[in-house]
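Peer 1: What follows is a single structure, and I will ask about it in a moment.
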Amino acid sequence: MKVLVTGSSGLIGSEAVEYYDHEGCQVFGVDNNMRAEFFGAQGDTLWNLSRLKEGTQNFSHHSIDIRDRQSIFELFEAEKFDLIIHCAAQPSHDKACQIPLLDFEVNALGTVNLLEATRQFSPEAVFIHMSTNKVYGDAPNEVPRIELEKRYDYANPEDHNGIPETCRVDRCLHSLFGASKAAADIVAQEYGRYFGMKVGIFRGGCLTGPSHSGVELHGFLSYLVKVAVSGRTYKVFGYQGKQVRDNIHSYDVIQAFEAYRKNPRPGEVYNLGGGRDNSVSVLEAFDRVEAITGQKVQWEYVETNRIGDHLCYISDLSKLKSHFPDWGITRSLDNIFQEIVEAEQSRQN
């Protein structure tokens with residue numbers, strides 16, 4: 001099987017490369033390290049590319065910009081892929097307002113370039129689009145909440161499992177990142193529904209793992225651990241640090257993709273996160289890191305919250321589990337924290 005992974009040096013992309021290489025597939029990676037352009041040296045993923053080159057058998061790397069339609073089409077025409085996993089993106093909620101044209105070109109134009117290349121040259125391939133829960137904008141904040149000592153939570157029993165795919169994506173505040181990703185999400189659905197292609201859309205919550213190049217503007221747990229282990233100061237933006245996210249390990253993300261590959265449903269949309277069991281607030285995350293490292297986390301509070309940010313977001317995984325009953329979360333929140341802390345400590349030693 002020939003597999004193309006975009007954003008192959010990033011968190012989810014590199015996990016996909018390793019998984020499918022291990023499975024004996026021929027894996028092609030597309031990544032031009034734009035994360036370093038977006039976030040500077042801390043966002044650089046070349047270290048992860050080097051790790052992949054050393055640890056894989058059937059992986060080839062291509063430094064192509066997904067906005068470059070001609071180069072993308074030439075690659076597709078030459079290779080005829082069976083599976084495309086599209087993870088490349090400008091991923092920051094906050095950075096997008098500084099680079100709105102670049103953000104939209106990467107997230108929306110880059111996605112349609114890949115979808116059209118698939119339609120023309122690999123129409124039978126399975127195409128997995130890594131979307132985001134930010135396509136819902138701040139609509140999830142309308143769900144009634146209660147305030148607890150260290151977190152927000154949903155007030156009503158019917159919301160216990162979290163935000164479903166039926167949450168609206170319009171008439172709300174998104175951030176420009178949320179808007180560009182919503183455009184990509186909708187066009188990916190259209191290629192599935194209109195053209196009948198095997199396109200699946202996964203709206204990620206907090207995707208995490210030890211291969212994440214976390215920065216302040218993107219990569220919540222990875223960046224928090226990086227700051228804590230190095231003894232620096234973490235900034236909490238609004239909501240008293242009680243904002244909640246559900247976290248899913250990159251391994252479990254790839255297993256969801258693989259479940260879809262085996263039984264694709266054209267144009268289908270799935271929420272993908274850690275669910276209630278893997279949900280944690282910023283304050284609770286501090287407690288967990290301190291328990292593992294024995295170090296007090298230094299942090300300061302910034303009154304202004306991020307525009308369009310979620311107060312409490314837990315991914316309702318009911319639809320995903322009903323369509324793919326063999327899939328489930330295998331990495332607990334404890335596992336995730338322990339793994340990220342150990343990886344960060346080894347990098348800083």
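Peer 1: Tell me yes or no: at least one residue of the range 214-224 is at pLDDT 95 or above, part of a helix (DSSP H, G or I) and either closer than 23 Å to residue 163 by Cβ or under 12 Å from the mean Cα position of the chain (by Cα) (or both).
Peer 2: No, that holds for no residue.
Peer 1: So residue 185 fits all but one of (1) crowded, with 20+ Cβ neighbours inside 10 Å; (2) without any contact (Cβ under 8 Å) to a residue 40 or more places away in the chain; what number is the exception?
Peer 2: Just one mismatch for residue 185, condition (2).
Peer 1: In the set 11, 52, 46, which member is buried (at least 19 other Cβ atoms within 10 Å of the Cβ) and over 28 Å from residue 308 (Cα atoms)?
Peer 2: Checking each option against the conditions leaves just 52.
Peer 1: Restrict the check to the range 88-102 and report whether at least one residue is under 25 Å from residue 206 (Cβ atoms) and in a strand (DSSP E or B).
Peer 2: The answer is no; no qualifying residue exists.
Peer 1: Next question. Could we say that residue 278 is within 22 Å of residue 148 (Cβ to Cβ) and at pLDDT below 95 here?
Peer 2: no
Peer 1: Have a look at 93, 160, 61 and point out the one that is without any contact (Cβ under 8 Å) to a residue 60 or more places away in the chain and either more than 26 Å from residue 265 (Cα to Cα) or not aliphatic (A, V, I, L, M) (or both).
Peer 2: When all the criteria are applied, what remains is 61.
Peer 1: Any idea which residue in the range 244-267 is nearest to residue 223 (Cα to Cα), counting only those that are surrounded by 23 or more Cβ atoms within 10 Å (Cβ to Cβ) and of a type in the set (S, T, N, Q)?
Peer 2: Taking the candidates together, the pick is 247.
The values are calculated or read from the model by the stated rules, or taken from the named source; none is laboratory data. Everything numeric in this text was worked out from a predicted model, so none of it was measured. Note that each Cβ is placed from the backbone with ideal geometry, even for glycine, and that neighbours are counted across all protein chains shown.
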